[in-house]
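Computed from the coordinates by the stated procedures, all read-outs in this text should not be read as laboratory data. All values reported here derive from a predicted model rather than from experimental measurement. Note that each Cβ is placed from the backbone with ideal geometry, even for glycine, and that neighbours are counted across all protein chains shown.
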Amino acid sequence: MIELRDCGKTFPSQNGRARVVALKGMDLTVRAQEFVCLLGPSGCGKTTLLKTIAGLLSVDEGEVCIDGRPVTGPGPDRAMVFQDFALLPWANVVTNVAFGLELRSVPRAIREQRARELIDAVGLAGFELHYPRQLSGGMQQRVGLARALAVDPKILLMDEPFGSVDAQTRRLLQEDLMGLLERTRKTVIFVTHSMDEAVRLGDRVVLMTPRPGRVHDTFDVELPRPRPPDLDKHPRFAELKEQLWQQLRAMQR
Amino acid sequence: MPHMHEQASQAPLQCHCPTAVRRTGRGAYTVAFQQPCRLRLEALTCWPPRGIISLNMLPRNPGPIMPKLSETALKMGLRSFSLFVFALGWELLALRLDSLLLPTFTETIAALAQLIATRQLWEALWISNQAMVLGFLLASLVGIPLGLLIGRGRAIERYVDPYLSVLLATPKSALMPIVIMATGLGLVSRVLVAFTHAIVVITVTVRAGLRTIDPTLIEMAQSFGATERQLWRKVFLRGALPAVLTGLRLGVARAISGMISVELLLVAVGIGRLILNFQGTFDAAGLYATVSVVLAEALLLLQVVSWLDRRMAPWRRERDIR
């Protein structure tokens, strides 16, 4: 279980005078094995929030707890998937997928075995020895996903992971992610810009307001799992998307 | 897998390079698979191989090797042709000017042949290169760590940066008299001159290379719990490798120019002395021949570093800093 209590985070801005309040009075509780989508306009602190949970940033106010223990830094229970993939350009797919394990000093034979399993699971079999720049954006993010799953984290933190791929690839990646999570249930916090994506994937959608970033509203998705292929025709799907859109529009005004 | 060959010629079985491909001879390559199986791959157009090599490029029956003869031959032909045009132009210009300052191409070549036969040249090269190599090695040993340190530490950078910029712009020759005054006319002073010529460019290039590493890679490594030591080993040093090699290449060029200038201006030994001797006797052909030896050496060294560069950093793209 992840708990954020009254979290605040302020950044000094570029010129050093004004300060940017990224988070203020942020409260959020994520249950174990829940899939929570963070939705909100740009600059509402979604990524900041994710990084504080990852332990890459510390909060100025309040506290972030995982299973009751405060977060003091990155830990083996969490793994992150990045928007721009963050793959090592000098390493092939196997080495990239095994990188998290390498940092944890897992012996080469074992980590490469594990990496190959995950490469297979994300549908990249046959591309083990390719370098990132030889892969398409969608394939690169599959590598990023495999790398995160390779360390077998309890919590998966995804920062707009499908934001920089085209629409069709995005749908495929979404389906494959759901498939993978059916097999190994994980707590997922998924940052996205897309209302469609939030409703399609999440158990719960958390709508955030910008400047300062805080929770505006939460929506329980209440759609069946595994998600049916004709989800688009589901009345609840359309209804939720409409609700989210109304709220977002009101926020932008 | 005995049927791999047939399979390969039907389906575009793709293999990755360059780690999976090794050159086994002229125009012949071996492709390693995860399964214990080896295939010869003919007719690659470039080395190291880039991109994806499809095995359906393989001829069904690997007959006589047919490298892309036309392409390489054309390149070689164009190269020698441009060399020929250059030599001819030189020859004609020199004949027309008939000046003491410009020997003809043939005279220069003759002088070069004569020069190579003498002990004098090789002794001069030995003396000059001692200083150059030592100075360059010293500059690398200091410059690479310094560049890494400055590139990583924001605080250090703020204070060191102005000096680096000034040093980059300073004509290093201006420092030579001071070096000579401080250390005398021996090997030490020449080493120091080569050192001062090479170090700044090495430091600056390495620093720049470290700065080009994508900050999200650092974040990624940290999110997986990388320690500072692991960050250095697995991200910074790997990521800065192309820049280090570029820095070394630029450093070699600077060290050579430092070596020659100190010998010409202050300490008349080695190649510089040879040049001065030819100058004294108005032997332009000998002078040109000596300079061409220096050029040849510089080119050779740069080629060695370029080769290292391609060997050690095959992932880098053409548009990276060179």
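In terms of surrounding Cβ atoms within a 10 Å radius of their Cβ, A:Ile2, B:Ile180 rank from fewest to most as B:Ile180, A:Ile2. All other residues whose Cβ lies under 15 angstrom from that of B:Leu264 are scored, Lys and Arg at +1 and Asp and Glu at -1, for a net of +2. Principal axis extents of the Cα atoms in the range B:77-175, from largest to smallest and rounded to whole angstrom, are 61, 34, 32. Counting neighbouring Cβ atoms within 10 Å and putting the fewest first, the residues B:Met181, B:Met220, A:Met26, A:Met139 line up as B:Met181, A:Met139, A:Met26, B:Met220. The mean count of C-beta atoms from other chains within 10 Å of the C-beta of residues in A:84-92, rounded to a whole number, is 6. What does the C-alpha gyration tensor say about the overall shape of the range A:11-99? Classify as rounded when a/c is under 1.5, otherwise prolate if a/b is larger than b/c, or oblate. Since a/c reaches 1.5 but b/c is at least a/b, the shape of the range A:11-99 is classed as oblate. Ranked for footprinting exposure by Cβ neighbours inside 10 Å, fewest first, B:Leu83, A:Leu28, B:Leu192 give B:Leu83, A:Leu28, B:Leu192. Per-residue Karplus couplings for the range A:200-213, computed as 6.51 cos²θ - 1.76 cosθ + 1.60 with θ equal to phi - 60°, are listed in order as 4, 9, x, 7, 8, 10, 9, 9, 10, 9, x, 6, x, x Hz, Gly and Pro entered as x. How many angstrom separate the Cα center of the range B:175-210 from the Cα center of the range A:1-75? If we compute the Cα centre of each part, the gap is 50 Å.
Please go through the residue pairs A:Lys24/A:Lys186; A:Lys51/A:Lys154; A:Lys46/A:Lys241 and name each one whose alpha carbons sit more than 24 Å apart in this structure. From A:Lys24/A:Lys186; A:Lys51/A:Lys154; A:Lys46/A:Lys241, over 24 Å: A:Lys24/A:Lys186.
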